[in-house]
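A short worksheet on the structure shown next.
FYI, it's all coordinate maths here, none of it is from the lab. Not measured: the values here are computed from a predicted model. Ideal geometry is used to build each Cβ from the backbone, glycine not excepted, and the neighbour counts take in all protein chains shown.
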């Protein structure tokens, strides 16, 4: 029995929505376990969200309507992106032709743009600092992102993530070509930067070098819950793109039976387990870089992307 | 010429070895620590030794095995050992006052690789060598030369300058292994011993500098003393 395409598309969005806190919980738990402490329960992010949704919301006097609308924009943007990318099925579903990879990147950036505006709007000094740091990071990360997209479209001759997935599934020689391996490295640097991980973002939040926490410091209650949920979903989406489009294109439902969907959720979680373990190892062995050395990992990512483009022209 | 009928497997082995050695040049470019430069140089030499052994195997030049062993021995072990000795005697652990920060030199290096690719592509379309391995080898040879020049230009410490020179030389050697694998064995041996002499002379120069000028940074040596 094959499920209708619309249902499959809804499943993709629901999967991102409901499993994103689980990924966050797993990473937090595993990091603590590596340091030989017990760590929070793996479902702690769900409990946090539940608690925050039942709290009262306090709005600063200096804030305007932007402050109220930004969490909604960020959350909605993260609900739109899963429509455009292969999460569970490896073929285009209804409305997935709304945008290509550049379009998906734009919607993702729109979410963080809204949070930057909200950080400035709240009138808190930390909000301003956080927004300025986030913009600086975005300026440094954007060239790499664009070059990665250019590289992948040179490789696949298309800007659609589904085409890239099929290309990598189809030919092992392209999978192991230097161009593709460099693209993986470049995207991995972006993944670390965009999901608030070391070497740039501090693992303990609420300290003087915070970037993402600083922007949402004034939020409370349901709005804070929406923002936290949106950032977990962003992490989930970036992991999905990294796994399903770049590194591990295998194990996705092709026809769309209920069993296939469940199998593809299981394989998605297994892939995330692998990527999350690599990320956790990096978080454990790396120390945070000084503010004036933030450009170094991003310059390395830029270099990988350039090398990928050059070597995609070679072979 | 064996490059005219190279098969995809050989092409991918050659290109991955060459690309990894290019990557190790970038490791040198992006690091502050002198010790890392030497380790990256040693790894790069091992890559080039593996490359010449592969070329020898696929193209049927038995003397390339000899060259591979000599390369691994001299460039991969003896030269790094001598350089580590020089570094150990100096009181310098890292490049402190680089003209360019590592991240900027990485970005400039990326642009130099693009420039090298443009030149290599141009040379290829003129000489009508239909193989893409040629473009790959030319690109990596030229970019390693450019990166060696970049290191010579922007680094102050004497040890990083000699490493820049060695990287430049490694680039030419890598290109020659792929492009003209049948070079006489004698010339290769002469080059290897030349390098050994260069490093030995350099060690003496560094000791002279330490004794008479008190520093090995070229930044301190631009003043005339009477």
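Things to note:
- Remark: relative contact order (region A:130-208) = 25 percent; criterion is Cα-Cα distance under 8 angstrom and separation of 6 or more residues.
- Zero-based 20 Å bins, Cα pair distances in chain A, whole percents: 32, 60, 8, 0
- If you model region B:7-211 as an ellipsoid using its alpha carbon gyration tensor, with each semi-axis the square root of five times an eigenvalue, the axes come out at 29, 21, 13 Å, biggest first.
- Panel note: the C-alpha atoms of region A:154-237, placed on their principal axes, show extents of 50, 26, 16 Å (largest first).
- The mean of 1/r over all distinct Cα pairs in region B:18-104, once inverted, gives the Kirkwood hydrodynamic radius of 14.1 Å.
- Against chain A, whose longest principal axis is taken from its Cα atoms, helix A:221-240 shows a tilt of about 20°.
- Taking a point 7 Å out from the Cα of residue B:84 in the direction of its Cβ, the residues of region B:27-71 whose backbone N falls within less than 15 Å of it are B:34-46.
- Within a Gaussian network of chain B (alpha carbon springs, distance under 10 Å), most fluctuating of B:52, B:160, B:103: B:103
- Nearest-ten-degree value, helix A:295-314 long axis tilted from longest Cα axis of chain A: 20
- A simple spin-label model places pseudo-atoms 7 Å from Cα toward Cβ; at residue B:57 and residue A:76 they are separated by 6.0 nm.
- Nearest 10 degrees, 0 to 90: helix B:132-154 Cα axis against chain B principal axis: 10
- Semi-axis lengths, Å, region A:3-132, gyration tensor of Cα atoms, sqrt of 5 times eigenvalues: 28, 24, 14
- Cβ-derived FRET efficiency at R0 30 Å, residue A:33 paired with residue A:259, nearest 0.05: 0.40
- A simple spin-label model places pseudo-atoms 7 Å from Cα toward Cβ; at residue A:204 and residue B:179 they are separated by 5.6 nm.
- In the protein assembly as shown, Rg over Rh equals 1.03, where Rg is the alpha-carbon radius of gyration and Rh the Kirkwood radius from pairwise Cα distances.
- Between residue A:146 and residue A:273, the simple spin-label model (points 7 angstrom out along Cα→Cβ) gives 4.0 nm.
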